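Everything on this sheet refers to the single structure shown next.
The values are calculated or read from the model by the stated rules, or taken from the named source; none is laboratory data. Just so it is clear, the model here is predicted, and its values are computed rather than measured. Glycine also receives a Cβ, built like all others from the backbone with ideal geometry; neighbour counts cover every protein chain displayed. Just so you know, the surface numbers come from the protein's heavy atoms only, side chains and all, with ligands and any DNA or RNA stripped out. Shrake-Rupley method; radii C 1.70, N 1.55, O 1.52, S 1.80 Å.
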Amino acid sequence: MKNLILIRHAKSSWEAPLKDFDRPLQKRGILDAHEVSTHISKYLPKTYIIWSSTAARASETALIFAQNISYPIESIVYRDDLYTFDERQLEKVIKSCDNSLESVILFGHNEAITNFVNKFGDVFIDNVPTSGFVSLQFDSESWDSINKGKTHKTIFPKDLK
């Protein structure tokens, strides 16, 4: 069994004239990330690793979640290849996971996340919102052979308001 949790970065700011990669979280994004991350503990596997895109908004979101779920922030793995909006690239990264890992929590970007969960999950999601949490389970012993899995749980900020 393989468990994959995909979390879309929190709402980011467009106010400063920055490159897309460098955009920080806005206040609402920070609040939503805290809100969602305090409601996920019972849906987390016993052991897992956290991977995050290196983009500012994704890495800031990963830090908020890690702090709220008591995951050591120095253990977050930051990956340049997760700064993608293409589900084929995201799929390639996920399928390259070491098979000794049973569970991965991944912080990334849309459209890649929404398209990935619709391809690999069994529940259609029109759009995974910012700070959205989607847990997928695969009946597979190997990451490179995952296919249609089960959408185990979704938690979106609007569900908690």
Exercise for the section: Give the residue that is least open to solvent (accessible area, probe 1.4 Å), with candidates limited to residues of the stretch 67-86 that are farther than 10 Å from GLY108 by Cβ and within 13 Å of the chain's Cα centre (by Cα). Expected result: ILE76
Completion exercise
Filtering the stretch 27-39 down to residues that are under 22 Å from VAL134 (Cα atoms) and not acidic (Asp, Glu) yields ARG28, GLY29, ILE30, LEU31, ALA33, HIS34, VAL36, SER37, THR38, HIS39
Fill in the blank from the handout: All-but-one check, ILE30 against (1) β-branched (Val, Ile, Thr); (2) part of a strand (DSSP E or B); (3) open to solvent by 60 Å² or more (accessible area, probe 1.4 Å), failing number (2)
Problem - Condition met for ALA16 (open to solvent by less than 70 Å² (accessible area, probe 1.4 Å), at pLDDT below 95 and not polar (S, T, N, Q)) - result: yes
Practice task
Could you look through the stretch 81-106, keep only residues that are of a type outside the set (Val, Ile, Thr), assigned to a helix (DSSP H, G or I) and in contact with a strand residue (DSSP E or B) (Cβ under 8 Å, 6 or more places away or on another chain), and pick out the one that is nearest to SER13 (Cα to Cα)?
Solution key: LEU82
Problem - Answer from GLU15, GLU102 - the residue that is without any contact (Cβ under 8 Å) to a residue 24 or more places away in the chain, of a type outside the set (Phe, Trp, Tyr) and farther than 20 Å from ILE125 by Cα - result: GLU15
Practice task
Tell me, please, whether a residue that is open to solvent by 60 Å² or more (accessible area, probe 1.4 Å), free of Cβ contacts under 8 Å to residues at least 60 places away in the same chain and more than 19 Å from LEU63 (Cα to Cα) can be found in the stretch 128-140.
Solution key: no
Handout entry: Subset of the stretch 38-66 that is part of a loop (DSSP other than H, G, I, E, B), out of contact with any Ser or Thr (no Cβ under 7 Å at 6 or more places or on another chain) and farther than 19 Å from THR154 by Cβ - its residue that is most open to solvent (accessible area, probe 1.4 Å)
Key = LYS46
